[in-house]
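Below is one structure, written out as structure tokens; the observations come after it.
The values are calculated or read from the model by the stated rules, or taken from the named source; none is laboratory data. Values in this document were obtained by computation on a predicted structure and should not be read as measured data. So basically every Cβ, Gly included, is an ideal-geometry build from the backbone, and we count neighbours across all protein chains shown. These accessible areas exclude ligands, DNA and RNA; they are computed on the full protein's heavy atoms, side chains included. Shrake-Rupley method; radii C 1.70, N 1.55, O 1.52, S 1.80 Å.
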Amino acid sequence: MTTATRRTFTEAVGTPHPRVEGRDKVTGAARYAGDIPFAGLAHGWLVLSTVARGRISSLETAPVLAMPGVLAVLHHGNAPRVETGYTGMLSVPDPTAAVFQHDRVPHLGWPVALVVATTPEQAREAAEALVVHYDVEPHDIAFSGDRPDAYPVDGHMPGVTEKGDLAAQLAASAVTLDEEYTTPEMHHSMMEPHAATARWDGGRLELIDSNQGTHWVQSELAQMFSLDPGSVRVRSEHVGGGFGSKGVRAHQVAAVMAATVLQRPVRVVMTRRQMFSLTGYRSPTAQRVRLGADADGRLRALEHRSLNLTSTFHEYVEPSAGVARVMYDADAHRTANEVVRLDVPTPTWMRAPGEAPGSFALECALDELAEKCGIDPIELRARNEPERGPVSGLPFAGRNLLACFREGARRFGWADRDPRPGLRRDGRWLLGTGTAAASFPSGALPSTAAVTAEADGTFTVRVNAADIGTGARTALTLVAADALETAPDRVRVRLGDSDLGPASIAGGSMGTRSWSWAVTAAAAELRERLALNTGIPPEGITVRSDTTEALGALAQKERHSFGAQFAEVAVDVTTGEVRVRRMLGIFAAGRIVNPLTARSQLVGGMIWGISMALHEEAVRDRASGGHYGADLAGYHVATHADVGRVEADWVEDHDPEDPVGIKGVGEIGVVGAAAAVANAVWHATGVRHRALPIRPDRVLAAAAGGRHV
Ligand code: MOS
């Protein structure tokens, strides 16, 4: 790849820049998937099962078909057949979204029918009137850390890693710890619900959708409906959040089926309640951490086991034990991800899958070990900084964890901290501070891009990125401006359309880096072409790129972003209320393209950590198998009043092997954040909370009784 020589222009990357589509969004001009008008549009409403396990014995469709405006009722008896063995993101068959293909009900809230009508109101009324009969079977949704039917996974990433003699090293340790940490079921709760409109247009299927990658959705839908990918076009211009949940889901598949049957455009929008069973979620985890250390805190033994649940029909792994494979080494080192299959929907990726719950367990355990050793928690981490990846044995491409802790400690005022718990008061509040480390992989996925020099002196960048609210469109504008040595206002970015070609999803914190790589490569070659001074024809000059081969440069090293989280909490032990007064996160997350939107990503992740620590918990009723309060009244997320002063900043951490120096900022903000809050609650009260969320009743129970809950 050629390196652009820097001349006299103002570098856009690294300079705060408001979103290029910001005005459109705040004035309502930006259209989302459920907003775009179509002539002849019909509306589908999903009908979900009311039992957790069994078979559909019959559906009383005749009365519903007679209702006003009803056009069709699709179900397993009449819906088009699809390929249920289609392969998803991880190249394994995933039948989670293959609806209406059989009479089995694998969980409460499984789609059993789609009622299509002329208006959404008619569709909803008819859907709610549809009577479905079931042969009910007993279900089992009881998740706990001691399920005898749990099994270690052996999937796309190793389920189990081990080295050394754990029992011997634990026996030889001066200090040991053996604790269970649990995290509950959590939901993505993005602002924009899932919505899709499908229509056939001259033999081509077109889908207007809200997703994290139109190429991804195109590929899976083409497989399911046995279509050539080129005859499927997926567009997704504006997306109101995804967090891992916006891939192929029941609504797109049902919309395509209905558009095919009725030969007219059909829109399916989910309600917030439906999303609780149809769009994935973060599995609850039961994690066990065993640590053994010398008196000076050096780890001899580290074991991290994590159990998550999955559905009966698809194995999803929340790889929480993976965080220990990167963070800390020990003479004996064992990590294991295990799953148990229950009668529940399939969980999925949710912001920092694995790292978010895994860091809660591991970083709380480190804090407990620091207490037992009488060592400052930051010093304990410094003493356990590995030279190489503890499991991979690979060198780190960059590991600026201690730089984050140094800068964070300075700004947070950590040096003055009295390590003893339960000593500080502010009126009725007990005060405490806590810290935790963060890490998240920094990868990249193959992407293509096209950059056009227009005859009017502007540039058009075409890259099939997804801006799911992250500011990707703006970041790519800045990256392209620098690569073209022009001003950002001379660059327009087109994204969110599968016709633009293959590109990374907005996921795994890889989007901006992957797309920027492709844009930079195309722009560099375009500049060489323009340097020939042959003039620009009316159609412009276009250069295309494909990073598939270039990404090989990233192999053979452990690549991660790192961070240090700090929290100060106030705890009222008479009401059980925990308030997070301030948080500071310092990150080493590569070159920051747009400080304005990157800070939003990091602060958003940290707020999510507050929410995870104190509020979020989806509770299932064992009798019905469904949720209590499947809505944003019953499922609590942190709101403005719950969030104190949250600051995020970064240290210099350019990735030398990335053309722009990017690593990625989408997920690391949440990693370690809940642990920092929980460690601060211990420092305030002297009580270790190992079960999230730290609810008022748990704080009260701890104050009344045992010191450990
Ligand atoms: Mo993210 S959980 O990779 O959208």
- prompt: Residue check: is A633 more than 23 Å from P441 (Cβ to Cβ), under 25 Å from the mean Cα position of the chain (by Cα) and surrounded by fewer than 16 Cβ atoms within 10 Å (Cβ to Cβ)?
  reply: yes
query: Among the residues of the stretch 10-51, which ones are in contact with a helix residue (DSSP H, G or I) (Cβ under 8 Å, 6 or more places away or on another chain) and open to solvent by 30 Å² or more (accessible area, probe 1.4 Å)?
result: E11, G14, T15, P16, H17, P18, R19, V20, A29, H43, W45, L48
task: Mind telling me which of the residues F566, F562 ends up being under 30 Å from A503 (Cβ atoms), touching a residue at least 40 places away in the same chain (Cβ under 8 Å) and aromatic (F, W, Y)?
output: F562
- prompt: Which residue pairs have Cβ atoms under 8 Å apart, sit 6 or more places apart or on different chains, and have a first residue in the stretch 241-263 that is near the ligand (Cβ under 10 Å from one of its atoms) and a second that is among the charged types (D, E, K, R)?
  reply: G241/E192; F243/R351; G244/R351; G247/E220
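Just to verify a result, which residue in the stretch 654-667, among those that are more than 18 Å from L478 (Cβ to Cβ) and of a type in the set (D, E, K, R), is least open to solvent (accessible area, probe 1.4 Å)? Don't jump to the end; show me each part of the working.
Residues of the stretch 654-667 more than 18 Å from L478 (Cβ to Cβ): 656-657, 667.
Checking the rest, the ones that are also of a type in the set (D, E, K, R) come to 657, 667.
Values: E657: 58, E667: 20 Å².
Among them, the one singled out is E667.
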All positions within the stretch 331-345 that are in a loop (DSSP other than H, G, I, E, B) and either open to solvent by less than 10 Å² (accessible area, probe 1.4 Å) or out of contact with any strand residue (DSSP E or B) (no Cβ under 8 Å at 6 or more places or on another chain) (or both): L342, D343, V344, P345
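Residue by residue through the stretch 445-474, note down the ones that are open to solvent by 10 Å² or more (accessible area, probe 1.4 Å), over 30 Å from C364 (Cα atoms) and not in a strand (DSSP E or B). If you could, list the steps in order and put the result at the bottom.
Applying the first criterion (open to solvent by 10 Å² or more (accessible area, probe 1.4 Å)) to the stretch 445-474 yields 445-446, 448, 454-459, 462, 468-470, 473.
Of the ones still in play, those that are also over 30 Å from C364 (Cα atoms) are 445-446, 448, 454-459, 462, 468-469, 473.
Within the stretch 445-474, L445, P446, E454, A455, D456, G457, T458, I468, G469, R473 meet the criteria.
A quick yes/no check of all residues on (1) open to solvent by less than 10 Å² (accessible area, probe 1.4 Å); (2) within 30 Å of S447 (Cβ to Cβ):
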site	(1), (2)
G240	no, yes
Q274	no, no
R298	no, no
E318	yes, yes
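Being assigned by TED's automatic domain parsing to the domain that holds I541 and open to solvent by 10 Å² or more (accessible area, probe 1.4 Å): is that true of D416 here?
Values: assigned by TED's automatic domain parsing to the domain that holds I541: no; open to solvent by 10 Å² or more (accessible area, probe 1.4 Å): yes.
No.
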query: When residues of the stretch 639-649 are filtered for being open to solvent by 60 Å² or more (accessible area, probe 1.4 Å), not charged (D, E, K, R) and either not in a helix (DSSP H, G or I) or not assigned by TED's automatic domain parsing to the domain that holds V593 (or both), how many remain?
result: 1
message: Looking only at residues that are surrounded by fewer than 24 Cβ atoms within 10 Å (Cβ to Cβ) and not in a loop (DSSP other than H, G, I, E, B) in the stretch 181-198, which one is nearest to the chain's Cα centre (by Cα)?
response: E185
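Considering each residue of the stretch 320-330, count those that are within 16 Å of the ligand (Cβ to nearest atom) and open to solvent by 10 Å² or more (accessible area, probe 1.4 Å), and give that number. Explain how you work it out, then say what you get.
Going residue by residue through the stretch 320-330, those that are within 16 Å of the ligand (Cβ to nearest atom) are 320, 322-323.
Okay, now just the ones that are also open to solvent by 10 Å² or more (accessible area, probe 1.4 Å), so 322.
The number of residues fulfilling the criteria is 1.
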- request: Say whether the condition of being part of a loop (DSSP other than H, G, I, E, B), charged (D, E, K, R), more than 16 Å from the ligand (Cβ to nearest atom) and modelled with pLDDT under 95 is met by at least one residue in the stretch 264-281.
  value: no
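Working only within the stretch 468-479, note down all residues that are within 17 Å of I592 (Cβ to Cβ) and either in contact with a helix residue (DSSP H, G or I) (Cβ under 9 Å, 6 or more places away or on another chain) or within 16 Å of the ligand (Cβ to nearest atom) (or both).
Our first condition is that a residue be within 17 Å of I592 (Cβ to Cβ); within the stretch 468-479, this holds for 470-479.
Selection gives T470, G471, A472, T474, A475, L476, T477, L478, V479.
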task: Could you please let me know if A259 is of a type in the set (A, V, I, L, M, F, W, C) and in contact with a Gly (Cβ under 7 Å, 6 or more places away or on another chain)?
output: no
- request: Enumerate the strands (runs of 3 or more DSSP E) found wholly within the stretch 497-595, keeping only those where 2 or more residues are within 16 Å of the ligand (Cβ to nearest atom).
  value: 560-572
query: Among the listed residues E137, E162, which satisfies the condition of being charged (D, E, K, R) and either over 33 Å from the mean Cα position of the chain (by Cα) or not assigned by TED's automatic domain parsing to the domain that holds G213 (or both)?
result: E137
